[in-house]
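Take a look at the structure below.
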């Protein structure tokens with residue numbers, strides 16, 4: 001697997017305070033708002049903040065009640081890979097259950113998912129040249 005890994009692409013978090021988060025990361029810390037994604041209903045879903053080349057933090061819109069009642073602010077870690085299909089085959093070869101994918105996401109990147117032993121989601125993603133991440 002390690003020959004496929006290019007680094008951590010992003011960490012994802014839930015927030016009930018999106019405007020404050022964007023202000024903090026962009027205006028106070030000086031990072032750039034890279035792009036937004038909408039859900040299938042056309043509603044705001046995720047905001048991406050660019051930390052450095054190929055390195056992002058993504059914030060999912062959540063309501064305060066959801067965050068308060070055990071839907072932790074942590075959402076997932078994303079590991080950038082050179083080939084998501086090879087990564088999926090590697091996971092399968094180690095008897096690691098793939099929970100989703102490989103598939104292409106709304107951002108045009110290919111991805112697959114599994115969980116660590118504590119149930120924390122891990123996304124493996126191959127960045128498409130046509131994706132907003134590549135263009136940011």
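Here, each number is a calculation from the coordinates, and none is a lab measurement. Predicted model, so just to flag it, every value in this text is computed and none were measured. Neighbour counts are summed over all protein chains in view; Cβ atoms, including those assigned to glycine, are modelled from backbone coordinates with ideal geometry.
Label positions at residue 92 and residue 19, each projected 7 Å from the Cα along the C-beta direction, are separated by 4.8 nm.
Across the range 1-104, C-alpha contacts under 8 Å between residues 6 or more apart give a mean separation that, scaled by the residue count, equals a relative contact order of 37 percent. Taking other C-beta atoms within 10 angstrom as a stand-in for reagent exposure, 113, 45 fall in the order 45, 113, fewest first. Exposure proxy for 33, 75, 10: other Cβ atoms within 10 Å of each Cβ, ordered fewest to most, give 33, 75, 10. A Gaussian network model of the chain, with springs between Cα atoms under 10 Å, assigns the largest mean-square fluctuation among 100, 82, 36 to 100. Taken along the Cα-to-beta-carbon direction at a fixed 7 Å, the label points for residue 122 and residue 54 span 1.9 nm. Calculate the tail of P(r) for the range 30-136: the fraction of all Cα-Cα distances greater than 16 Å, expressed in %. It works out to 64 percent of all Cα pairs. Using Cα atoms only, what is the angle between the long axis of helix 84-93 and the major principal axis of the chain, expressed in degrees (0 to 90) to the nearest 10? Taking Cα atoms only, the helix is inclined about 60 degrees. What percent antiparallel are the DSSP beta bridges of the chain, to the nearest 5? Here the share of antiparallel DSSP bridges comes out near 75 percent. Extending 7 Å from Cα along the Cβ direction at residue 85 and again at residue 61 yields two label points whose distance is 3.5 nm.
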